[in-house]
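Below: the structure, in structure tokens.
The values are calculated or read from the model by the stated rules, or taken from the named source; none is laboratory data. Since we're looking at a predicted model, the values are computed, not measured. All Cβ positions, glycine included, derive from the backbone under ideal geometry; neighbour counts span all protein chains shown.
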């Protein structure tokens, strides 16, 4: 993991406000929606005064969550939608396939995203050739892809020991969907780490490889940028050297995160509770169904990193200067809306 990006801008909140804030920006499936966080536009300030010319890419991909179709504007410079997404249940069955017709007037290419990002054991059984659910899953994905231009596989917990099974699964899927586009979402790397996401092996199979260049800092790390420019540049350099320009799609985040300096959630012995009552000068104790309870206020330091038009544009411009031809965003509905004026599709 690259060094933490230093930042000393702390926001001080009472505990109750901090908890409410965390609830507000909590990430679904690991990402947070900041659609209601004040942006440059919301504050009344001009967004990127004297805005430079838009950054042009041959492809601009964006993920769209099923059920959030109203967040998509068909006038935006988006060539490809990753429609998120179909899932796999505990029996290895595909479910939750979005209806392609729900995208209405969008005229670009649409890709059905198949996601399994939380269960390593399920990933194993779904791609193990000795298990009957593998062939069933492949057949159901191929069938579900019928109205789509392509399929994207987003399996984020494939064990390193299952690497060969994963590559063969992707090969069989590509054969099954024929001329449709097979894309694969993979984690950001600056070198080969010997896991199941070997850039060279996957790019030899897939038509597009989406490198998820975000979560440099995540909920379990110390505070820092979701994707600092220095780190992204290293990721892009490695990806270009292995995947090449034609298949590479660099992923950018729209979301932000908050970190508390101190976590106050913990278990206490009775002696610890007694000490806490004294330290916080608690005088009001109530009983709830005979069980004692009390409340007190605390001040915590909260650090927030988020994305706006300038940070996204600067990252996109850095990728373009590195000759990256395609980018992708996670996800529509989380962005500073001014960003779309800073991008364009090259013809």
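Which of (1) within 24 Å of residue 123 (Cβ to Cβ); (2) in contact (Cβ under 8 Å) with a residue 40 or more places away in the chain does residue 196 not meet, given it meets every other one? Going through the list (1) within 24 Å of residue 123 (Cβ to Cβ); (2) in contact (Cβ under 8 Å) with a residue 40 or more places away in the chain, residue 196 breaks only (2).
Results for (1) within 16 Å of residue 53 (Cβ to Cβ); (2) part of a loop (DSSP other than H, G, I, E, B); (3) touching a strand residue (DSSP E or B) at 6+ places or on another chain (Cβ under 7 Å), shown as yes or no for each residue.
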| residue | (1), (2), (3) |
| --- | --- |
| 284 | no, yes, no |
| 292 | no, no, no |
| 296 | no, yes, no |
| 304 | no, no, yes |
| 316 | yes, no, yes |
| 339 | yes, no, no |
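Being modelled with pLDDT of 95 or more, in a loop (DSSP other than H, G, I, E, B) and within 12 Å of residue 60 (Cβ to Cβ): is that true of residue 327 here? Criteria not met by residue 327.
Picking from 311, 263, which residue would you name as being out of contact with any strand residue (DSSP E or B) (no Cβ under 7 Å at 6 or more places or on another chain), modelled with pLDDT under 95 and either more than 29 Å from residue 68 (Cα to Cα) or not in a strand (DSSP E or B) (or both)?
On the way: 311 fails: modelled with pLDDT under 95.
The match here is 263.
Determine if region 64-72 includes at least one residue that is out of contact with any helix residue (DSSP H, G or I) (no Cβ under 9 Å at 6 or more places or on another chain), modelled with pLDDT of 95 or more and surrounded by 14 or more Cβ atoms within 10 Å (Cβ to Cβ). So far as region 64-72 goes, yes, one or more of its residues are out of contact with any helix residue (DSSP H, G or I) (no Cβ under 9 Å at 6 or more places or on another chain), modelled with pLDDT of 95 or more and surrounded by 14 or more Cβ atoms within 10 Å (Cβ to Cβ).
Just a yes or no: is a residue in region 148-166 in a loop (DSSP other than H, G, I, E, B), in contact (Cβ under 8 Å) with a residue 40 or more places away in the chain, in contact with a strand residue (DSSP E or B) (Cβ under 8 Å, 6 or more places away or on another chain) and more than 27 Å from residue 232 (Cβ to Cβ)? Outline the logic, then answer.
First pass over region 148-166, keeping only residues in a loop (DSSP other than H, G, I, E, B): 148-149, 156-159.
If we keep only those that are in contact (Cβ under 8 Å) with a residue 40 or more places away in the chain too, we end up with 148-149, 156-157.
Checking which are in contact with a strand residue (DSSP E or B) (Cβ under 8 Å, 6 or more places away or on another chain) leaves us with 148-149, 156-157.
Those left that are additionally more than 27 Å from residue 232 (Cβ to Cβ): 148-149.
Yes; the residues of region 148-166 include at least one that is in a loop (DSSP other than H, G, I, E, B), in contact (Cβ under 8 Å) with a residue 40 or more places away in the chain, in contact with a strand residue (DSSP E or B) (Cβ under 8 Å, 6 or more places away or on another chain) and more than 27 Å from residue 232 (Cβ to Cβ).
In region 283-291, the count of residues that are surrounded by 15 or more Cβ atoms within 10 Å (Cβ to Cβ) and either more than 30 Å from residue 186 (Cβ to Cβ) or modelled with pLDDT of 95 or more (or both) is zero.
In region 96-111, how many are part of a loop (DSSP other than H, G, I, E, B), touching a strand residue (DSSP E or B) at 6+ places or on another chain (Cβ under 8 Å) and over 11 Å from residue 144 (Cα atoms)?
If we filter region 96-111 for residues that are part of a loop (DSSP other than H, G, I, E, B), which is where we start, we get 96-99, 104-108.
Right, trim to touching a strand residue (DSSP E or B) at 6+ places or on another chain (Cβ under 8 Å) and you get 96-98, 106, 108.
Filter once more, so that each one left must be over 11 Å from residue 144 (Cα atoms): 106, 108.
Count: 2.
Just one of the listed residues (186, 243) is more than 20 Å from the chain's Cα centre (by Cα) and buried (at least 17 other Cβ atoms within 10 Å of the Cβ), namely 243.
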